[in-house]
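The values are calculated or read from the model by the stated rules, or taken from the named source; none is laboratory data. What you are looking at is a predicted structure, and each value in this text was computed from that prediction instead of being measured. Using ideal geometry, Cβ is built from the backbone for each residue, glycine included, and neighbour counts are taken over all protein chains shown. Heavy atoms of the whole protein, side chains included, go into the accessibility calculation; ligands, DNA and RNA do not. Shrake-Rupley method; radii C 1.70, N 1.55, O 1.52, S 1.80 Å.
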Amino acid sequence: MSLPAREADRWATPAPQPIRRAVAPARAPATRPPIPNPPHPHRRARRGHHPAFWVFSAAVVSAMVVGLVSLNAMRVDAAYRTRSVAERVRLLTDESRTLVNDVARLSSPSRIGTWARTEGLVDPAAGDVVILQVPRMSGLTASSRGEVKE
């Protein structure tokens, strides 16, 4: 059996790589005392979060819970007040209707006539009532009418 062309390329020997040689530095490196395994500044061992993080997180979560609970309490209180005011408006509307009906009933002429007869009042005779009609006096001053100024 023969290998397909694709697999044959994989089995082929790689081309030889050029040999790289180390280049000598232009100057000698600075001499430092050797530090045994210096830690990388951005790579620390994972030990969990700092306690200040937990305190801050607990304060933020607590403030959010208290705020949410108080907002819900204010909403419920507003709902109760709205219901109370609506009930009060309904009661006052009913009372207003009752009072308007009482005024209409008590001020009717037939009722007033009945009350007057029970109290002993009588209708005046036809000639006992005189309606006076005074002509209007336009253009007259107080002195021309005989009034005295003080």
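Can you find a residue that is open to solvent by 100 Å² or more (accessible area, probe 1.4 Å) and not in a helix (DSSP H, G or I) anywhere in region 109-119?
Checked region 109-119: at least one residue is open to solvent by 100 Å² or more (accessible area, probe 1.4 Å) and not in a helix (DSSP H, G or I).
Looking for whichever is at pLDDT below 95 and among the polar types (S, T, N, Q) here; the options are SER96, SER62, SER70, SER138. Which one fits?
It is SER138.
Name the pairs: first residue in region 111-126 and modelled with pLDDT under 90, second residue surrounded by 11 or more Cβ atoms within 10 Å (Cβ to Cβ), Cβ to Cβ under 8 Å, at least 6 apart or on different chains?
none
If we keep just the residues of region 45-54 that are loosely packed, with under 10 Cβ neighbours inside 10 Å and assigned to a helix (DSSP H, G or I), which is nearest to the chain's Cα centre (by Cα)?
This residue is ALA52.
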